[in-house]
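Each remark here refers to the structure printed beneath this line.
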Amino acid sequence: MTDNPPGSMEQFPLQASDKLRYADTDRQGHVNNAVFATFLETGRVELLVGDGLADEGAAFVIARLELDFLSEINWPGSVEIGTSVKSVGRSSFKLFQMVFQAGNPVAQAVTVIVQMNEKSRKSHPLSDKARKRLEQLIRPALST
């Protein structure tokens, strides 16, 4: 993780938002920590599904999720999710994401995603098309 998190959504090449629901809150009145993973999913799904990066017969799976909570989130409202690519490997890549509420960072995460062959259930190399698209989304300033 970074010691000095980026300060704004504008630094991220991919941006999404999510509405907070009353059901997301816990007994303390703030958004439950488990919901943060859902926000990260919202941020990455447009890339993984919308850009059609997976090869035919392959799918993306999460191999690792490292999530740092920076501040609590309160209902009502919304959050913004910034997503960038940290690095690209042979069959996997790392995403760096941040969640913001009212412009303030509330969480940051690094996620390792692997392309898996659906029949063999083993890793499957990224296509040149997927690799090129992912490399376009690398932001060195966000990857430190």
Inset, instruction - Tally the residues that are within 17 Å of Ser17 (Cα to Cα) and either among the β-branched types (Val, Ile, Thr) or more than 14 Å from the chain's Cα centre (by Cα) (or both), restricting the search to region 78-104. - result: 9
Inset, instruction - Scan region 110-123 and give yes if some residue there is in contact with a helix residue (DSSP H, G or I) (Cβ under 8 Å, 6 or more places away or on another chain) and either surrounded by fewer than 15 Cβ atoms within 10 Å (Cβ to Cβ) or in a loop (DSSP other than H, G, I, E, B) (or both), otherwise no. - result: no
Legend entry - Residue count for region 75-97, restricted to those that are assigned to a strand (DSSP E or B) and surrounded by fewer than 15 Cβ atoms within 10 Å (Cβ to Cβ): 1
Legend entry - Within region 89-144, considering residues that are in contact with a Pro (Cβ under 6 Å, 6 or more places away or on another chain) and of a type outside the set (Gly, Ala, Ser), the one farthest from Pro76 (Cα to Cα): Arg90
Legend entry - Unmet criterion (only one of (1) at pLDDT 95 or above; (2) within 24 Å of Lys129 (Cβ to Cβ); (3) surrounded by fewer than 14 Cβ atoms within 10 Å (Cβ to Cβ)) for Lys19: (2)
Legend entry - Any hit, region 51-60, residues being touching a His at 6+ places or on another chain (Cβ under 8 Å) and surrounded by 18 or more Cβ atoms within 10 Å (Cβ to Cβ): yes
Inset, instruction - Would you check if Leu134 is in a helix (DSSP H, G or I), in contact with a strand residue (DSSP E or B) (Cβ under 6 Å, 6 or more places away or on another chain) and over 25 Å from Asn32 (Cα atoms)? - result: yes
Legend entry - Selection count, region 24-53, where residues are touching a helix residue (DSSP H, G or I) at 6+ places or on another chain (Cβ under 7 Å) and either touching a residue at least 12 places away in the same chain (Cβ under 8 Å) or outside any loop (DSSP other than H, G, I, E, B) (or both): 5
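The values are calculated or read from the model by the stated rules, or taken from the named source; none is laboratory data. As the structure is a prediction and not an experimental result, all values here were calculated from the model. Don't worry about glycine lacking a Cβ; one is built from the backbone with ideal geometry, like all the others, and counts go over all protein chains shown.
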